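The values are calculated or read from the model by the stated rules, or taken from the named source; none is laboratory data. All values derive from a computational prediction rather than experimental measurement. Neighbour counts are summed over all protein chains in view; Cβ atoms, including those assigned to glycine, are modelled from backbone coordinates with ideal geometry. Remember, those area values only see protein heavy atoms, side chains included, never the ligands or the DNA or RNA. Shrake-Rupley method; radii C 1.70, N 1.55, O 1.52, S 1.80 Å.
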Amino acid sequence: MTAFRTLDSAEVKGKRVLIRVDLNVPMNDRVVTDDTRIRAILPTVNEVTKKGGKAILLAHFGRPKGERVSDMSLAPVVPVLQTLLGKPVAFANDCIGNDAASAIARMSDGDVLLLENTRFHKGEEKNDPIFVAALAELGDIYVDDAFSAAHRAHASTEGIARQLPAFAGRSMQSELEALEKALTAPRRPVIAVVGGAKVSSKIELLNNLVTKVDALVIGGGMANTFLNAQGYNVGKSLCEHELADTARRILATAADSGCAIILPVDAVVAWRFEARAPSQAYAVDSIPADAMILDIGPHSIERVKSAIDDAATLVWNGPLGAFEMEPFDRGTLAAAQHAAARTRDGHLLSVAGGGDTVAALNAAGAADDFSYISTAGGAFLEWLEGKQLPGVEVLRRG
């Protein structure tokens, strides 16, 4: 992490430390139903408070579009934060102005304060200089621990980092270290597994990866588009026929870059899109015209596992089939479990991200054995696409 400023070089004792965190957590009737993202910020918050800093948390929730929406208040997060931190957490009804300033003035070193939803102000998403200045006035140091919001040039993710000494928190640091090991300076060979429904949503991702990795496994509905582009009949499968030329260009770029493309050689098909529908495996040159491809077949599973065996680094985004429905989860689960075993045995560095990906790895019981799993969503994808993330760039040294 020599490229970024981290908490290692931050003097927080006696300082007001504004920490941008991700508290955009699932709720039901204003009760937090998944505290994963809250747990991720604990190392940073605990470190700041134990070193005598005042931990002042900045976060957004939902999309209130600059309006004060009661259902999008961060107040329900406070009890969960208190339980996980094992100490009181104060709450301010605003993230700027008198409410915030008064709450901060009451803090002692080592205290924790959560400020209200930053997106209650239009200046947040506009990165408005006046709003940025109002936030910066509340702190002495800025720490960004929300990689998931780093792809947005918002006031609390980018603007404020230009006004105060800025550092990466421990969660942000872990994410950047994992991604650097996976793509920026990886141990080779590198394999990427990319699945999901549509090529159209991952064109930039594929174009970047084929120039960075040694092998690329393409699965899910998007594999059908590539098979179609190569002249195979994919029956009634999900397929973006209009993107055949795009698929062929990606294949050509891969060939020029020395990236091996691994597509299914067989597939599990069904005649109804529903769980436990009657299914059968066919070679990709024999797909019935009235059937739809819902998973990779047994020979394809072995090819993917063999490719993982040859790799030292794995990057994974997206399932290989309709993993949410049995038996069309077999390809994804088998590949995930194999990658987890290779990682557990010390043969593979494995990094995965994306909502469906995390769900699939959890379903496979493989998540705990992966080297790193990102919950960042859009920011993770944009990093894989090779884009610069505003909230990351401002933390670079120099």
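Points worth noting:
- Cα-based helix-to-principal-axis angle, 330-344 vs the chain, degrees rounded to 10: 60 degrees
- Segment 165-204 - percent of accessible surface contributed by carbon and sulfur, probe 1.4 Å: 53 percent
- Accessible area per residue for segment 209-328, computed on protein heavy atoms with a 1.4 Å probe, is 41 Å².
- A simple spin-label model places the labels of ALA341 and LYS126 5.7 nm from each other, with each point 7 Å out along Cα-to-Cβ.
- Take the Cβ atoms of ASP310 and GLU242, set R0 to 35 Å, and the FRET efficiency comes out at 0.55.
- Over 28 Å between alpha carbons, listed pairs LYS13/LYS181; LYS202/LYS236; LYS198/LYS305; LYS65/LYS387; LYS212/LYS305; LYS181/LYS202: LYS13/LYS181
- Between helix 36-50 and the chain there is an angle of about 40 degrees, using the helix long axis and the longest principal axis of the Cα atoms.
- Modelled spin-label separation between LEU84 and ALA255, with each label point placed 7 Å from Cα along the Cα-to-Cβ direction: 4.9 nm.
- Most positive-pole-ward Cα, ALA146, PHE131, MET107, against dipole of segment 105-163 from beta carbon charges: PHE131
- For the chain, calculated [θ]222 nm from helices alone, where every DSSP H run of n ≥ 4 adds -39500 (n - 2.57): -9500 deg cm²/dmol
- Placing dummy labels 7 Å off each Cα toward the beta-carbon, the span from ALA3 to MET27 is 3.6 nm.
- Whole-percent carbon and sulfur share, accessible surface of segment 1-133, 1.4 Å: 49 percent
- The 1.4 Å probe gives accessible areas that order SER279, SER374, largest first, as SER279, SER374.
- Peptides 73-79, 29-35, 286-292 ranked from most to least packed, by the mean per-residue count of other Cβ atoms within 10 Å: 73-79, 286-292, 29-35.
- Euclidean distance between Cα centres, segment 194-264 to segment 110-133, Å: 41 Å
- Gain upon complete extension [ALA289, GLU393; 0.36 nm per residue less C-alpha separation]: 32.5 nm
- Share of carbon and sulfur in the accessible heavy-atom surface of segment 336-398 [1.4 Å probe, %]: 43 percent
- Nearest-10 value in Å² for the accessible area of THR49, using the 1.4 Å probe: 20 Å²
- Helix 244-257 axis versus longest C-alpha principal axis of the chain: approximately 80°, rounded to the nearest ten.
- For the set LYS202, LYS387, LYS236, solvent exposure ranked by accessible area (probe 1.4 Å, protein chains only) runs largest to smallest as LYS236, LYS387, LYS202.
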